[in-house]
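The block underneath contains the structure these notes are about, expressed in structure tokens.
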Amino acid sequence: ETGVTQSPTHLIKTRGQQVTLRCSSQSGHNTVSWYQQALGQGPQFIFQYYREEENGRGNFPPRFSGLQFPNYSSELNVNALELDDSALYLCASSLGQGLSGANVLTFGAGSRLTVL
Amino acid sequence: AQSVAQPEDQVNVAEGNPLTVKCTYSVSGNPYLFWYVQYPNRGLQFLLKYITGDNLVKGSYGFEAEFNKSQTSFHLKKPSALVSDSALYFCAVRRDSYSGAGSYQLTFGKGTKLSVIP
């Protein structure tokens, strides 16, 4: 089975620009969540999608938005980029109803975003 | 609110010696606890989890963790460290019951860098 794949692996943007990051879930997984990992920090929860709807969100502003598609793949969009948005963005998928706390997350390798 | 503390930024241990990476947590209700490992330029890999039952949980690559409810701790251990265990280790917590959107977010600690010296 394939794991979680993310693209692009690295990208550089300038302040004010917009970025779209993509994620393909592990086969059979129906829930996707996104995390931001700043340098030297642990991952921080951005949001979670289940059945193409956002069903959980962390402390991130509305310029962070997402989509989940019928094949369970997902996108993370960030508008009006700021310098502090520079980070590793991790996508994780899991199997379940989207509401089980015991679910193990399978992470992708991440997309490293640098904002200049 | 839920939180995780990993009090050590770095742990150094000689190869063959036992290792411990510390983690304490705070969560409303009962916790689900996880350990993940991150190698350079890689995503996080699941090591083990505590849901309920036996306080000693065994996981991948010979790692184990002990859940201590009174001390709200979930320390990661391994009897004999390998050089290949050198990586960044993250402890994470999630609550066990649903109370609205976002309940199942996984909250991570800042990570502990483990260096195993040959």
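The values are calculated or read from the model by the stated rules, or taken from the named source; none is laboratory data. Bear in mind that the values here come from a model prediction, so they are computed numbers and not experimental data. Cβ: placed from backbone, ideal geometry, glycine included. Neighbour counts: every protein chain shown. Quick note on the areas: whole protein, heavy atoms, side chains included, nothing else; ligands and nucleic acids left out. Shrake-Rupley method; radii C 1.70, N 1.55, O 1.52, S 1.80 Å.
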Those strands (runs of 3 or more DSSP E) lying entirely in the range A:6-116 with at least 2 residues open to solvent by 20 Å² or more (accessible area, probe 1.4 Å) and away from chain B (no Cβ under 11 Å): A:10-13, A:19-24, A:64-68, A:74-78
Of the criteria (1) modelled with pLDDT under 95; (2) buried (at least 21 other Cβ atoms within 10 Å of the Cβ); (3) not in a strand (DSSP E or B), which one B:R94 fails: (3)
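I need the strands (runs of 3 or more DSSP E) fully contained in the range B:1-66, keeping only those with at least 2 residues that are within 18 Å of B:S86 (Cα to Cα) and open to solvent by less than 60 Å² (accessible area, probe 1.4 Å).
Values: elements: B:3-5, B:10-14, B:19-21, B:24-26, B:31-38, B:44-50, B:56-58.
Output list reads B:10-14, B:19-21, B:31-38, B:44-50.
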